[in-house]
Amino acid sequence: MKVVIADSISQSGIQLLREAEDIEVVEARGQDTDRLKALLRDADALIVRSETRVTEEVLAGTTRLKVIGRAGVGVDNIDVEAATRRGIIVMNAPGGNTIATAELTMTHLLCSARPICQANASVKNRKWERAAYSGTELYGKTLGILGLGRVGTEVAHRAQAFGMRILAYDPYLSSERAQALHVKPVELDELYAEADFITVHIPLTEDTRYLVDGAAFARMKKGVRLLNCARGGIIDEAAREQALAEGSVAAAGLDVYETEPLPEDIPLRNFDSVVMTPHLGASTREARESVGREVAESIRDVLWGGVVRNAVNMPAVDPQTLKILRPYLSLGQRLAAILQQLSPSRIQTLRVTYWGKIVELDALPLTRTIQRSYLARICGPENVNDVSAPHHMKRLGIGVEATKSNSDSDYTDLVRLETVSPEGETFSIEGTLVGTQSRPRIVHINGRDVEATPEGCLLILENRDAPGIIGMIGTVLGAHQINIANMSLSRNTVGGIALTVLELDSLPGDRVIDEITKHTAIHSVNLVEV
C-alpha cells in the first residue's frame with residue numbers, strides 16, 4: 001500500500017508509517033498538480049497540510065485512493081465533496097494544536113497588557129522611553145472568553161493561574177461544566193460590559209460570522225483589550241479598526257484575519273497598540289509533532305482495515321452496511337440540522353427513536369451521524385465528526401438516548417428526534433423515506449402532522465388560526481420576490497394554533513422576517529437552512 005506525503009509533517013509520523021507492515025511511503029513535497037496526479041494514480045492514501053490543494057482535478061485520475069489525511073484541523077484545501085463522491089475518506093487531526101493555540105493566546109494576552117513588543121522595538125531603535133510603555137496587570141482583571149471548547153478551556157485554566165476572573169459566553173455550556181471549570185457563564189451583553197480582556201475561541205460558521213460587530217464594540221467596556229487566535233471573520237474588521245482609532249479598544253492581539261496573507265494596505269498595520277502574528281496558532285514543534293503523528297496513526301489504521309478516526313465525510317461502517325444505511329443517514333442528518341435550529345441553545349437530552357427496517361440494522365453509525373449534524377452549527381463542521389460527536393455531546397452536558405421501537409407506526413420507516421431543555425420543554429421532529437429512491441420527508445414537527453421536504457430554506461411558523469394569515473405571509477414574501485415552492489399547514493383545532501411550514505426558493509432577509517413576526521397572530525417564526 002502506497003502513502004503519498006505531499007506536505008511537510010513530523011518525522012515521527014513519517015517513521016510510524018515506514019515501520020508499518022505493507023506500507024510504502026513516498027515523500028513528495030512541493031509537487032505541481034500534474035506530478036501529484038501522477039503519484040496518486042496508484043496511491044492508497046494522501047497526507048497534506050495546508051499547502052497542497054486537493055481539488056477534483058487532482059482526484060480525477062485516482063483509482064485506489066482510500067483516504068486523505070489533513071495534518072491539522074481545517075480541510076478548506078480539500079474538495080471534500082469530490083472525495084466523498086469517489087468513496088475517499090477525508091480525515092483531520094483536530095486535537096494536536098490545542099495547547100499551542102492556547103499558549104499563543106496567552107502570549108497575546110500578556111503583550112496586550114504590557115506593551116512588550118513596542119518597548120522592544122523602541123529600545124532596539126536606541127531609545128529609552130520608560131514612561132511611554134506603561135501597562136496593566138492581569139491580576140484581578142476580568143477575562144471574557146467567547147467559546148469554551150478545547151482551546152477556550154485551556155486558556156481559562158492558564159488565565160486563572162494569573163488570578164483573573166473568567167466570564168464565558170457559550171450558549172451550549174452546561175451549568176455543571178461551568179461550575180467544574182470555575183467560570184461564570186454569561187450572555188454577551190454582560191461579558192461585554194464587564195470584561196477587561198476579551199478572547200475569541202469559537203468556530204467560524206454562518207451563525208458566528210461578524211458576531212463581534214460595531215454594536216458589540218459599542219457595548220464593551222472602554223479600554224478593553226481584544227484577542228483573536230481562532231478564525232478571521234468572527235470579528236468585523238472595519239468595526240474593530242474604528243474602535244481602535246477611537247480608543248475604545250486599547251489594544252489587540254491578532255493571529256488570524258479574513259484575508260490571508262494580509263493585504264499590504266490593511267489599516268491594522270498603522271496601530272501601534274496592535275500586535276499581529278501571521279497565523280502561528282499551530283506553529284510549534286510540539287504541535288507539528290502531534291498533528292503529524294495523529295494523522296499518520298489514523299491513515300495506518302484505515303489502511304490496515306481498523307477503526308476510521310476523525311473522518312469528516314463518512315460514518316465508520318463497512319461499505320455493504322453503508323450502502324443500506326445511506327438513505328437513513330441522509331434523513332437523520334437533515335432532521336438533526338432542522339431540530340437544532342428549532343430547539344433552545346441549551347438542552348440536556350437528545351432522544352432518538354427508530355421504527356422499521358433500521359431496527360434490524362446497527363443504528364450506531366446513524367445515531368452518531370445525527371449527533372454530528374446536530375453539533376455542526378455549534379462546534380463548526382470541521383471540528384466534529386462521527387467519531388468525536390459523542391465526546392462533544394458529553395462535553396456540552398447533553399445526554400443521548402437511542403431506542404429501537406417495535407410498536408406500531410403509521411410509516412414503514414420512521415426516525416424521531418426529540419430535545420429536552422433543562423426546564424423540561426421538548427421539541428421534536430419525525431421523518432420517513434418515500435418513493436423508490438428513498439427520499440427524506442418530514443412528517444411531524446412537535447407532534448403536528450406536516451408534509452415537507454427537508455432541504456434548502458424552510459420557514460416554520462406558529463400562528464393563531466385566523467382568516468388572512470396565509471395571505472399575509474404570501475403577500476410579504478411576494479413583495480420581496482421570494483417564491484414559495486411548497487407549503488404544509490397543520491392546526492390543532494379551528495381557531496387554535498396552526499403550524500405552517502413553507503419551502504422557499506431563496507433565503508428571506510431580516511426585514512422580511514420582522515414584517516411577518518410583527519403580525520399580532522404570529523406566535524413564533526423560525527428560519528431553517530438545511
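Readers should treat all values here as calculations from the given coordinates under stated rules, not as data from a laboratory. Predicted model only: the values in this text are computed from it and were never measured. As a convention, Cβ positions derive from the backbone with ideal geometry for all residues, glycine included, and neighbour counts pool all protein chains shown.
Once region 384-530 is represented by equal point scatterers at the alpha-carbon sites, with solvent omitted, what log10 I(q)/I(0) does the Debye formula produce at q = 0.14, 0.19, 0.20 Å⁻¹?
-0.83, -1.25, -1.31
Report the charge-dipole magnitude of region 335-425 in Debye, nearest 20, computed about the Cα centre from +1 at each Lys and Arg Cβ and -1 at each Asp and Glu Cβ.
Dipole about the Cα centre, nearest 20: 360 debye.
Using only Cα atoms, figure out Rg for region 370-425 and give it as a multiple of 2.2 N^0.38 Å. Could you put the intermediate results ahead of the total?
Details: Rg = 13.7 Å, N = 56, 2.2 N^0.38 = 10.2 Å.
Relative to the 2.2 N^0.38 Å estimate, region 370-425 comes out at 1.35.
Using 0.36 nm per residue, how much length does the chain from residue 276 to residue 472 gain when fully extended, once their Cα-Cα distance is taken away?
Working: separation 196, 0.36 × 196 = 70.56 nm, distance 5.15 nm.
Net length gain for the segment: 65.4 nm.
I want the local charge near residue 290. Using Cβ-Cβ distances under 15 Å, sum +1 for each Lys or Arg and -1 for each Asp or Glu among the other residues. Walk me through the intermediate numbers first.
On the way: positive: 49, 70, 150, 285, 288, 293, 309; negative: 103, 154, 286, 289, 294, 297.
Summing Lys/Arg as +1 and Asp/Glu as -1 gives +1.
Could you give the length gained by full extension between residue 402 and residue 283, i.e. 0.36 nm per residue of separation minus their alpha carbon distance, to one decimal place?
On the way: separation 119, 0.36 × 119 = 42.84 nm, distance 4.08 nm.
Here the segment from residue 402 to residue 283 would lengthen by 38.8 nm.
With every atom except the alpha carbons ignored, what do you get for Rg and Dmax of region 354-448, in angstroms?
14.2, 42
Taking +1 at the Cβ of each Lys and Arg and -1 at the Cβ of each Asp and Glu, which of 144, 123, 108 sits farthest along the dipole of region 59-171 towards its positive end, judged by Cα position relative to the Cα centre?
The residue sitting most towards the positive pole is 123.
Would you compute the Debye intensity of region 1-158 from its alpha-carbon atoms alone, equal scatterers and no solvent, and pass along log10 I(q)/I(0) at q = 0.10, 0.20 Å⁻¹ to two decimals?
-0.57, -1.17
Taking just the C-alpha trace of region 89-211, give me its Rg and Dmax in Å.
That works out to 16.9, 58 Å for Rg and Dmax.
Using alpha carbons only, what's the Rg to Rh ratio of the chain with Rh from Kirkwood? All intermediate terms of the calculation are to be shown ahead of the outcome.
On the way: Rg = 25.6 Å, Rh = 25.7 Å.
With Rg and the Kirkwood Rh in hand, the quotient comes to 1.00.
What percentage of all Cα-Cα pairs in region 61-100 are separated by more than 13 Å? Mind dumping the intermediate values first?
Values: 417 of 780 pairs.
It works out to 53 percent of all Cα pairs.
Once you charge only the Cβ atoms, +1 for Lys and Arg and -1 for Asp and Glu, what is the size of the charge dipole of the chain about its Cα centre, to the nearest 20 debye?
Numbers: 57 positive and 69 negative charges, 204 e Å.
Dipole of the chain, to the nearest 20 debye: 980 debye.
Find the Rg to Rh ratio for region 9-55, where Rh is the Kirkwood radius over alpha-carbon pairs and Rg uses the same atoms. List each step's numbers first, then the result.
Numbers: Rg = 11.3 Å, Rh = 11.8 Å.
That ratio is 0.96, to two decimals.
Determine the sum of side-chain charges near residue 491: Lys and Arg each +1, Asp and Glu each -1, restricted to other residues whose C-beta is under 12 angstrom from that of residue 491. Mind dumping the intermediate values first?
Values: positive: 448, 464; negative: 449, 462, 465.
After counting each charged neighbour, the total is -1.
Any number yet on Rg/Rh for region 466-530, C-alpha, Kirkwood? Present the calculation step by step, with values, prior to reporting the outcome.
On the way: Rg = 11.6 Å, Rh = 12.5 Å.
Taking Rh as the inverse mean 1/r over Cα pairs, Rg/Rh reads 0.93.
Explain nothing, just the number: relative contact order of the chain, from Cα pairs under 8 Å at least 6 residues apart, as a whole percent.
Numbers: 1061 pairs, mean separation 62.2, N = 530.
Relative contact order of the chain: 12 percent.
For the pair residue 55 and residue 301, what calculated FRET efficiency results from E = 1/(1 + (r/R0)^6), where r is the Cβ-Cβ distance and R0 = 30 Å, to the nearest 0.05?
Numbers: r = 26 Å, r/R0 = 0.87.
Between residue 301 and residue 55 the formula returns 0.70.
Could you give the DSSP H helices of the chain that reach 30 angstrom or more along their long axis (alpha carbon positions) and whose average Kyte-Doolittle hydropathy is no lower than -1.0?
Taking the DSSP H segments of the chain (at least 30 Å long, mean hydropathy at least -1.0), we get 319-342.
Quickly estimate the mean residue ellipticity at 222 nm for the chain, helices only: each DSSP H run with n ≥ 4 gives -39500 (n - 2.57), and the total goes over all residues, rounded to 500. Before the final figure, lay out the partial values.
Numbers: 17 runs with 178 residues, N = 530.
The helix contribution divided over the chain gives -10000 deg cm²/dmol.
Projected area of region 259-388, taken from the Cα convex hull and averaged over every viewing direction, in nm²? The partial results should precede the final answer.
Details: hull surface 51.1 nm².
About 12.8 nm², averaged over all directions.
Going by average Cβ neighbours within 10 Å, how do the peptides 441-449, 486-494 rank, with the highest at the top? Display every interim value, and only then the final one.
Details: 441-449: 18.9, 486-494: 14.1.
Ranked from most to least packed, the peptides come out as 441-449, 486-494.
Find the centroid of the Cα atoms in region 368-415 and in region 421-490, then give the distance between the two in whole Å.
Taking the Cα centre of region 421-490 as reference, the centre of region 368-415 is 22 Å away.
Take the alpha-carbon centre of region 160-236, take the same for region 126-151, and report the distance between them in whole Å.
Between the Cα centres of region 160-236 and region 126-151 lies a distance of 16 Å.
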